[in-house]
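The values are calculated or read from the model by the stated rules, or taken from the named source; none is laboratory data. Keep in mind it's a predicted model, so treat the numbers as computed, not measured. Reconstructed Cβ throughout: ideal geometry from the backbone, glycine too, with neighbour counts over all protein chains shown. These accessible areas exclude ligands, DNA and RNA; they are computed on the full protein's heavy atoms, side chains included. Shrake-Rupley method; radii C 1.70, N 1.55, O 1.52, S 1.80 Å.
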Amino acid sequence: MRTDIFARLDREPEPPKIETPRMSRHRIALFGGTLAFYLAIVIAVLMSSWLVTLDWKVMLFRPYQQWPQIHAFLDYYVVLGQRGPTAVMVACWLGWRSWRQHTLRPLLTLGASLLLLNVTVGAVKYGLGRLGPHYATQIGSAELFAGGDIFPSGHTANAVVTWGILAYLAATPRARRYLSAMSAVVSLGVGLTTVYLGTHWLSDVVLGWAAGLLILLGLPWCEPMITRAEDWIFAARERLSARSRLVPAPPVAAGDRQPIPAGQPAAAAVEATQGQVRPPVATGSHPAAVAVVTTATGSRPRAHTTPPAHQGHPARSERTPVTPAGSRRPPHADRTPRGGTAPARPVAGG
């Protein structure tokens, strides 16, 4: 019994049509506004504006010292923003969705969103090189281009994308509203948790929210690529299945007999087995005058044609065989037949 995802996909010839989100005017407007907000945050940090001052005030406030009773809970809650555990949890759910809906689109969409997340957020992280609050060296400084990798917040952006993809792939408008609210609450809590623990500046979290939202809003542009990838995967699977069904015949060793097709005459079967063709029979010759002689080494058969019988003499085929098949030489007197005992010989010098 097959347990993979393709076993379910094989039950129906064609998967049902699932409506995919399109890049509407409303979505384009949201994407443009979020992109402008993203660039404004980056410029504000680069210019060491009031936003950097706010970062330092929050960091010096030290929230983890103000509310230590919730520290243990938030240590576990922040795992909802780590890429590995969240990707596994969401992939399990989307894998079940793929099995039920007979399509690979949910898993491919998750893979495309995580790929975009790693490329875009990682490029900005290592490009700006900002240090975290625990590694800051100068009060009031933006701590940019110092070899860090915390701007924007990866936990926050990952929480927005990983949990927001559930709302993006929702089948009904009601489910999309509920899942959107749930993902917003989770990503907001993960971002504030990183500020509480002192691992990120407040501006890191704000930019992480914007970065994750940009990926979710721009996913409809990736839908044609996802569709082509799904078609290619299924086409490759069909080619592999067809290739596995074509099992080659085992090689036949020299001297072995090949299988004889059903309904083939015996003489033709013998000739087909030895790879030989019976030569044509001369017109007017007797049917019994042609004999096929096949040597033990597999040589080509020879056709021996006897002259027609004279009048008054019976044909060779009409005569009664005189000697049975076998050797015509008389047995030698000194030889002992097989299975017998040799006669006793006198022993010399006895």
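Here is how the numbers come out for the structure above:
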item	result
Charge dipole (the range 62-170, unit charges on Cβ, about Cα centre) - positive-most of His155, Ile165, Leu117	Ile165
Relative contact order of the range 94-194, pairs being alpha-carbon contacts under 8 Å that are 6 or more residues apart, as %	21 percent
Whole-Hz ³J(HN,Hα) from phi, Karplus 6.51 cos²θ - 1.76 cosθ + 1.60, for the range 203-217, glycine and proline x	5, 4, 5, 4, 5, x, 4, 5, 5, x, 5, 4, 5, 5, 6
Where the Cα pairs of the range 101-186 fall when distances are cut into 5 Å bins, in %	3, 14, 18, 16, 15, 11, 9, 7, 5, 2, 0, 0
Environment charge of Val45, counting only residues whose C-beta is closer than 12 Å and scoring Lys/Arg +1, Asp/Glu -1	-2
Dipole magnitude of the range 83-178, debye to nearest 20 (Cβ charges: Lys/Arg +1, Asp/Glu -1, about Cα centre)	580 debye
Carbon + sulfur, % of accessible area of the range 171-250 - ligands and nucleic acids excluded, 1.4 Å	71 percent
Exposure ranking of Phe234, Phe61, Phe73 by accessible area [1.4 Å probe, largest first]	Phe73, Phe61, Phe234
Portion, in percent, of the accessible area of the range 30-109 that falls on carbon or sulfur, probe 1.4 Å	73 percent
